[in-house]
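The values are calculated or read from the model by the stated rules, or taken from the named source; none is laboratory data. If you're wondering where the values come from, they're calculated on a predicted model, not measured in any experiment. Note that we place each Cβ from the backbone using ideal geometry, even for glycine, and neighbour counts take in every protein chain shown.
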Amino acid sequence: MMLAGGFVTAFVPLNAPLEGPSDGCAAFFLVLLRVTERTGPGLTVRVNETMGEARPLSEFSAILSLGGSSVAELRPLAVGASKGALTFHDVTRPGDLSEGDNFTVSPLSPGAYRLDLICLGELIGRETWTA
């Protein structure tokens, strides 16, 4: 579609969102996670961007893996939630997952790490790094 010399692009999901409890979380909500700083033996993984309507923390969980094995799980996310090496910080928009919120991972043993962010059972964000 052409509009005043520019193009308009629309994104339409290929599959209709599911009805009921999962009501399209994975279809309409994506998160960009990034390692933003390394501090001593740990690091911070920041929610750099969210795409979709705000959703409450209670719909999210996070799984930290080392070498393919889960080492910490936060189910559900909550303000100050912490287990083992993984802690969640709700920095912005209290009660909702939003840009600026972050996870700290400490201490780091050598190896390949993965942080998965899950919304109502669907993977919506992932960051990987090597320590």
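Quick look at the values:
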| item | result |
| --- | --- |
| Residue under evaluation Leu97, criteria (1) touching a helix residue (DSSP H, G or I) at 6+ places or on another chain (Cβ under 8 Å); (2) hydrophobic (A, V, I, L, M, F, W, C); (3) modelled with pLDDT under 90, criterion not met | (3) |
| Count - residues of segment 83-102 that are touching a residue at least 60 places away in the same chain (Cβ under 8 Å) and closer than 18 Å to Arg38 by Cβ | 1 |
| Conditions (1) under 21 Å from Leu30 (Cβ atoms); (2) in contact (Cβ under 8 Å) with a residue 24 or more places away in the chain; (3) not in a loop (DSSP other than H, G, I, E, B); number of the one not met by Thr128 | (2) |
| Candidates Glu73, Glu53, Glu37 - the one that is in contact with a Lys or Arg (Cβ under 8 Å, 6 or more places away or on another chain) and without any contact (Cβ under 8 Å) to a residue 40 or more places away in the chain | Glu73 |
| Residue satisfying condition, being in a loop (DSSP other than H, G, I, E, B), more than 22 Å from Thr128 (Cα to Cα) and at pLDDT 80 or above, within set Thr92, Thr9 | Thr92 |
| Qualifying residue in segment 82-93 (condition: in contact with a helix residue (DSSP H, G or I) (Cβ under 9 Å, 6 or more places away or on another chain) and closer than 24 Å to Cys25 by Cβ) | yes |
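Residue by residue, here is whether (1) loosely packed, with under 14 Cβ neighbours inside 10 Å; (2) in a strand (DSSP E or B); (3) polar (S, T, N, Q); (4) at positive phi holds:
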| position | (1), (2), (3), (4) |
| --- | --- |
| Thr36 | yes, yes, yes, no |
| Glu53 | yes, no, no, no |
| Ser61 | no, yes, yes, no |
| Val79 | yes, no, no, no |
| Phe88 | no, yes, no, no |
| Thr104 | no, yes, yes, no |
| Pro110 | yes, no, no, no |
| Asp116 | no, yes, no, no |
